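Okay, so here's the structure we're looking at.
The values are calculated or read from the model by the stated rules, or taken from the named source; none is laboratory data. This is a predicted model, so every value here is computed, not measured. Neighbour counts run over all protein chains shown; Cβ positions are idealised from the backbone, glycine included. Note: areas computed on protein heavy atoms with side chains; ligands, DNA, RNA excluded. Shrake-Rupley method; radii C 1.70, N 1.55, O 1.52, S 1.80 Å.
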Amino acid sequence: MKVTLLCVGKVKEKFYREAIKEYEKRLSAYVKLTTVEIPDEKVKVENSSEIAVAMEKEGNNILSKIKDTQYVITLEILGESISSEKFSEKINNLMTTGKSDVVLVIGGSYGLSDSVKKRSNYALSFSKMTFPHQMMRVILLEQVYRAYRIIMGASYHK
């Protein structure tokens with residue numbers, strides 16, 4: 001399976017980069033993982049029109065990296081909240097139905113544009129809480145790794 005992690009913004013903190021590197025290494029046994037970073041748009045004055053313009057620019061950049069044939073999972077606060085086991089089933093079903101090119105999208109600090117949400121095949125929520133997108137990379141990669149360990153019947157998942 002090919003998995004692309006498509007994220008807005010860079011990871012600045014060393015401890016996040018180290019955790020991401022560890023899960024990328026672990027996942028290499030199961031998937032071909034690629035990470036694509038989209039620059040986050042700066043907003044000079046935080047008002048709704050500036051934020052909307054920034055989100056649309058980020059959205060266009062995200063969409064330019066997605067192929068028509070790819071299955072897109074977006075991380076959204078209002079997405080479906082599921083267990084690790086259900087996420088594992090979702091990944092397994094994608095593999096067995098020939099959807100072996102998956103894009104996981106993490107938006108920027110203002111979220112995802114409507115155009116990206118429309119392109120999404122599945123909206124996933126980890127929580128109604130808001131997390132830094134750098135931390136979400138670690139959490140998402142850990143859950144993808146956990147999904148593969150569940151699929152393989154390994155002892156990692158308890």
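For the chain, set up a GNM with springs between Cα atoms under 10 Å and report which of Thr97, Thr130, Thr74 has the largest fluctuation.
Thr97
Once the convex hull of the alpha carbons of the chain is built, what does its volume come to per residue, in cubic angstrom?
113 Å³
Modelled label-to-label distance, Lys118 and Ser83, 7 Å Cα→beta-carbon offset: nm?
Between Lys118 and Ser83, the simple spin-label model gives 3.7 nm.
For the modelled label position 7 Å from the Cα of Met1 along Cα-to-Cβ, which residues of region 62-97 have backbone nitrogen atoms closer than 15 Å?
70-74, 83-97
Around Glu22, under 15 Å between beta carbons, what's the net of Lys plus Arg minus Asp minus Glu among the other residues?
+4
Please work out how much accessible surface Met129 shows to a 1.4 Å probe, ignoring ligands, DNA and RNA, in Å² rounded to 10.
Spelled out: Met129, probe radius 1.4 Å, area about 130 Å².
Determine the shape class of region 32-110: with a ≥ b ≥ c the square roots of the Cα gyration tensor eigenvalues, call it rounded for a/c under 1.5, and otherwise prolate if a/b is greater than b/c, oblate otherwise.
Prolate, since a/c reaches 1.5 and a/b exceeds b/c.
How far is helix 133-151 tilted off the main Cα axis of the chain, in degrees rounded to 10, range 0 to 90?
Result, in degrees: 20.
Per residue of region 47-52, in order, report the coupling 6.51 cos²θ - 1.76 cosθ + 1.60 (Karplus, θ = phi - 60°) as ³J(HN,Hα) in whole Hz, putting x for Gly and Pro.
Taking θ as phi minus 60°, the curve returns 10, 4, 6, 5, 5, 4 Hz for region 47-52.
Run through the DSSP bridge list for the chain and note the antiparallel percent, rounded to the nearest 5.
5 percent
At 0.36 nm per residue, and after removing the present C-alpha to C-alpha distance, how many nm does the segment from Ser28 to Thr96 gain when stretched out fully?
Result for the pair: 22.6 nm of gain on full extension.
With Cβ to Cβ distances under 12 Å as the rule, what net charge do the other residues near Thr4 carry (K, R +1; D, E -1)?
That works out to +2.
Taking H placed 1.01 Å from N in the peptide plane, check which residues at least 5 places from Phe126 or on another chain put their amide H under 5 Å from its amide H.
Hits under the 5 Å cutoff: Glu76.
Once both axes come from the Cα atoms, what is the angle between helix 14-27 and the longest principal axis of the chain, in degrees from 0 to 90, rounded to 10?
Approximately 40 degrees, to the nearest 10.
Choose one answer from Glu46, Glu89, Glu58: the residue with the largest mean-square fluctuation in a GNM of the chain with alpha-carbon springs under 10 Å.
Comparing Glu46, Glu89, Glu58 in the GNM, the peak value goes to Glu46.
Just the number please: accessible area per residue for region 75-118, 1.4 Å probe, all protein chains included, in Å².
Per-residue value: 52 Å².
Quick one: pull the percent of accessible area on the chain belonging to carbon and sulfur, 1.4 Å probe, ligands and nucleic acids left out.
Accessible surface attributable to carbon and sulfur in the chain totals 52 percent.
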